[in-house]
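Okay, structure first, notes after.
The values are calculated or read from the model by the stated rules, or taken from the named source; none is laboratory data. Please read all numbers here as calculations on a predicted model, not as lab measurements. Because the Cβ atoms are built from the backbone with ideal geometry, glycine has one as well, and the counts that use them run over all protein chains shown.
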Amino acid sequence: MKPSISSVLLFVSLIAPGAVVPAATLVKLTRADDRIRVELDGRLFTEYIFKGAPKPFLYPILASDGTEMMRHFPVKKGVPGEVEDHPHHRSLWFTHGAVNGIDFWGENTNQCGKIVSESVESAVKNGVGTIRARNRWVGPDGTVHLTDETTIRIRGSADARFLDYEVTLKAPAGKPVLFGDTKEGSMAIRLPLWMTPTHDFGKGRKHEGSGTIVNDSGQRNDETWGKRSTWVDYHAPKDGKVYGVAMFDHPSNPRHPTWWHVRSYALFAANPFGQHDFEPAFKADKKAGDMTIPAGGSVTFRWRFYFHLGDENAGKVAERFKEYAAGQ
């Protein structure tokens with residue numbers, strides 16, 4: 001049944017002045033035992049996978065035309081052209097490398113912690129797909145060091161995808177939680193190799209790339225590492241188009257604008273805890289970036305991933321960030 005003219009006019013009248021309204025995109029969420037499949041206009045965008053790995057993650061990540069915007073490894077191995085390093089870089093994920101002294105970022109030793117799913121719910125409303133998850137951060141000895149409530153909101157338009165990731169970290173009633181100062185974190189995506197600038201992987205392997213990393217100050221490529229910025233964009237040409245991924249740090253976040261652990265080998269991460277690694281003036285103070293959540297307390301972080309066509313100018317990354325900061 002098609003909506004009446006009056007219902008369409010009512011919808012338009014309820015839109016806030018100046019709000020950006022993308023072309024309508026049908027969002028479909030499908031639940032399975034270990035994941036939630038997300039489709040936009042009948043095409044796969046991603047899956048939220050909450051079982052079978054040391055932490056929840058989203059994989060694959062596909063642009064509006066189906067182009068792969070993530071590395072397959074370690075979910076799939078032996079993919080031609082991929083560099084199989086850092087097996088803990090699982091497509092798109094959130095965690096940290098020093099939580100009460102435990103490494104939740106790494107996965108390759110029995111001393112690493114795990115983020116264990118407790119519950120997952122999903123719903124679609126007003127063109128936005130929402131996934132709500134509760135997780136326990138469990139140490140190697142089985143101790144639960146904290147819990148989180150994660151909300152992922154997904155929407156799209158004809159040529160763009162938006163993924164909002166909100167996480168509230170909660171300390172137990174009887175014990176504070178220390179997020180330690182380390183570059184190994186936190187909100188991250190591992191991009192495909194074709195998106196990178198030129199990078200020397202060592203051992204005689206140098207990748208000649210045509211990608212670009214740029215932040216809100218205009219710093220580019222390796223200059224963006226460890227710098228504070230409201231947003232960073234990573235883009236590159238492929239098959240006659242330019243594809244980009246921007247990540248926005250919400251103004252309400254603690255320590256906004258955040259530092260960026262963004263590498264020319266395709267790691268792209270926002271890290272609000274790595275001050276001593278990122279700022280030379282604090283190199284000797286290994287606790288400079290520590291953040292303690294008091295016993296029974298909580299802290300919330302918000303980021304947006306914006307998958308777009310074109311470079312940062314064609315994709316209007318700065319404008320899209322302003323919309324995000326304004327609550328759109």
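Counting only residues that are closer than 14 Å to Glu312 by Cα, in contact with a helix residue (DSSP H, G or I) (Cβ under 7 Å, 6 or more places away or on another chain) and of a type in the set (D, E, K, R), how many does region 217-242 have?
Of the residues in region 217-242, 1 are closer than 14 Å to Glu312 by Cα, in contact with a helix residue (DSSP H, G or I) (Cβ under 7 Å, 6 or more places away or on another chain) and of a type in the set (D, E, K, R).
Please state which one of Lys287, Lys316, Lys283 is among the basic types (Lys, Arg) and at positive phi.
Lys316
I want to confirm something. Restricting to region 307-328 and keeping residues that are in a helix (DSSP H, G or I) and either in contact with a Phe, Trp or Tyr (Cβ under 7 Å, 6 or more places away or on another chain) or not acidic (Asp, Glu) (or both), which single residue is nearest to Tyr165 (Cα to Cα)?
Per the stated criteria, the residue is Tyr324.
For region 212-274, please list each of the strands (runs of 3 or more DSSP E) lying entirely inside it that holds at least 2 residues being among the aliphatic types (A, V, I, L, M) and surrounded by fewer than 18 Cβ atoms within 10 Å (Cβ to Cβ).
Once the strands (runs of 3 or more DSSP E) in region 212-274 are filtered for at least 2 residues that are among the aliphatic types (A, V, I, L, M) and surrounded by fewer than 18 Cβ atoms within 10 Å (Cβ to Cβ), nothing remains.
So which residues in region 98-121 are surrounded by 12 or more Cβ atoms within 10 Å (Cβ to Cβ), of a type in the set (Gly, Ala, Ser) and assigned to a strand (DSSP E or B)?
Ser117
How many residues, within region 191-210, are outside any strand (DSSP E or B) and in contact (Cβ under 8 Å) with a residue 40 or more places away in the chain?
Matching residues across region 191-210 total 6.
Can you pull out every residue in region 183-205 that is surrounded by fewer than 23 Cβ atoms within 10 Å (Cβ to Cβ) and either of a type in the set (A, V, I, L, M) or at pLDDT 95 or above (or both)?
Lys183, Glu184, Pro192, Leu193, Trp194, Pro197
Please specify each residue of region 168-190 satisfying the condition of being outside any loop (DSSP other than H, G, I, E, B) and of a type in the set (D, E, K, R).
Matches in region 168-190: Lys170, Arg190.
Provide a single number: the residues in region 106-125 that are over 18 Å from Arg37 (Cα atoms) and either of a type outside the set (A, V, I, L, M, F, W, C) or in contact with a Leu (Cβ under 6 Å, 6 or more places away or on another chain) (or both).
9
Considering only region 97-124, state which residues are in contact (Cβ under 8 Å) with a residue 40 or more places away in the chain and of a type outside the set (Gly, Ala, Ser).
Val99, Asn100, Ile102, Asp103, Phe104, Trp105, Glu107, Cys112, Lys114, Ile115, Val120, Val124
Among the residues of region 35-59 satisfying the criterion of being within 20 Å of Pro87 (Cβ to Cβ) and part of a loop (DSSP other than H, G, I, E, B), which is nearest to the chain's Cα centre (by Cα)?
Pro56
What single numbered condition from (1) over 17 Å from the mean Cα position of the chain (by Cα); (2) closer than 22 Å to Ser91 by Cα fails to hold for Ala281?
Single failed check for Ala281: (2).
Could you grab me the full set of residues in region 31-55 that are farther than 19 Å from Glu149 by Cα and buried (at least 21 other Cβ atoms within 10 Å of the Cβ)?
Residues satisfying the conditions are Val38, Leu40, Phe45, Thr46.
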